[in-house]
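Below is one structure, written out as structure tokens; comments come after it.
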Amino acid sequence: MSSEINKKTDNFLQEFNGIKSIIRSKIDNIQPPSNGDTSEILKANLDEIQSDLERMKFLLAEGSLFLPSYTLKSAQDAFNQLTKDYEQKHDELIPRKKFSFAKKTRPPNSELHRGDKKHSQDVIDFVKSSSSSPSALHNKSTDADPTKSVSFKDLTGMSIRNTKEEGESIDVTGKDVTIVNLIDCDIEIQGSPKTVYIDNLRNCSIKVGPVSASIMVYNCNDSRLHLVAQQLRIHNTKNCQFYIHISSRSIIEDCSGLKFGQLKPWYDGMNCDFEKAALDINRNNWQCIDDFNWPSKSLKSPNYELILESDQ
């Protein structure tokens, strides 16, 4: 088994380092056209780098299933640095404009509850038949296939859901979902994505239907997440509650103040999405947590606690 893991790790590093070198070269060498026209050529080049970063991100998600913790951390650090450099280069060449969504005002008597905190917010129902908001949620890269990915990025104080209350909703089945840079947001995603990548949440509530592969969580604080997957890995996260249904053992690293409870179905048709994701609804290791920062096998890590059903 160890030789098989070593082979997988070697293959991962070969592919990962190859992509890393390509992205680094593109970031270092990209320049605005000499004629000053930055509209088309430059945007296409930047989108190409973004597509490479997406490819690297999901390579990391797959590698999380077998990579040693130090190798995974090193790769994640490299990815974060490249992402930071890309964002800086993008802002230097094409300053970003703030994005606007088509919004539907929440009825006056409707309130969002997160703990004892109440939010009166706008609601986004992203539906295929609506105008511009659905496409904004997709990866807009020229090379990335928008039919294979959905993204929620850089949002504050928003409530977003893909329910079927207003027609046919965007289908996330088999797609890669990215949830990044959210503050005070409520996200509900029904369906069965392939993978989910979550990074940099503050005071958010996230609900995602059954995920056929893995969920990666990074840099989250003071949030509540309802997650179903084959595997869950959580890094650099503090003071969050996780209500989960996980087939294998969950892994945490560089975390503190986490709470884990057993997930309860939260939408009609969730059982069907379990089947689509090829997950056993009767197999739930929600209480099985491995802390990479806590070597003791006999004593439970102080970095998390379990939420009993009576306390939920």
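Numerical summary
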{"quantity": "Test: residue in the range 275-283 that is under 19 Å from the mean Cα position of the chain (by Cα) and closer than 22 Å to Lys57 by Cβ", "calculated": "yes"}
{"quantity": "Among residues of the range 8-49, those that are at pLDDT below 85 and either at positive phi or of a type in the set (Lys, Arg) (or both), counted", "calculated": "3"}
{"quantity": "Residue in the range 284-292 that is in the same structural domain as Val208 (by TED's automatic domain parsing), more than 19 Å from Thr237 (Cα to Cα) and out of contact with any helix residue (DSSP H, G or I) (no Cβ under 7 Å at 6 or more places or on another chain) present", "calculated": "yes"}
{"quantity": "Filter pass, Ile307 being surrounded by 16 or more Cβ atoms within 10 Å (Cβ to Cβ), under 19 Å from Leu72 (Cβ atoms) and outside the structural domain of Gln76 (by TED's automatic domain parsing)", "calculated": "no"}
{"quantity": "Residue in the range 263-285 that is crowded, with 19+ Cβ neighbours inside 10 Å and part of a strand (DSSP E or B) present", "calculated": "no"}
{"quantity": "Pair list, Cβ under 8 Å, 6 or more apart: the range 267-279 residue in the same structural domain as Ser214 (by TED's automatic domain parsing), other residue of a type in the set (Asp, Glu) and surrounded by 15 or more Cβ atoms within 10 Å (Cβ to Cβ)", "calculated": "Tyr267/Glu188"}
{"quantity": "Complete set of residues in the range 252-279 that are of a type in the set (Gly, Ala, Ser) and in contact with a Lys or Arg (Cβ under 8 Å, 6 or more places away or on another chain)", "calculated": "Ser256, Gly257"}
{"quantity": "Every pair of residues 6+ apart whose Cβ atoms lie under 9 Å, when the first sits in the range 1-21 and is closer than 16 Å to Ser64 by Cα and in the same structural domain as Leu65 (by TED's automatic domain parsing) while the second is among the acidic types (Asp, Glu) and assigned to a helix (DSSP H, G or I)", "calculated": "Phe12/Glu62"}
{"quantity": "Qualifying residue in the range 226-247 (condition: in contact (Cβ under 8 Å) with a residue 24 or more places away in the chain, more than 23 Å from Phe152 (Cβ to Cβ) and assigned by TED's automatic domain parsing to the domain that holds Lys153)", "calculated": "yes"}
{"quantity": "Scope the range 190-208; condition under 13 Å from the mean Cα position of the chain (by Cα) and within 24 Å of Arg249 (Cβ to Cβ); matching residues", "calculated": "Pro193, Lys194, Thr195, Val196, Tyr197, Ile198, Asp199, Leu201, Ile206, Lys207, Val208"}
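The values are calculated or read from the model by the stated rules, or taken from the named source; none is laboratory data. Predicted model only: the values in this text are computed from it and were never measured. A quick note on method: Cβ atoms are made from the backbone with ideal geometry, for glycine too, and the neighbour counts reach across all protein chains shown.
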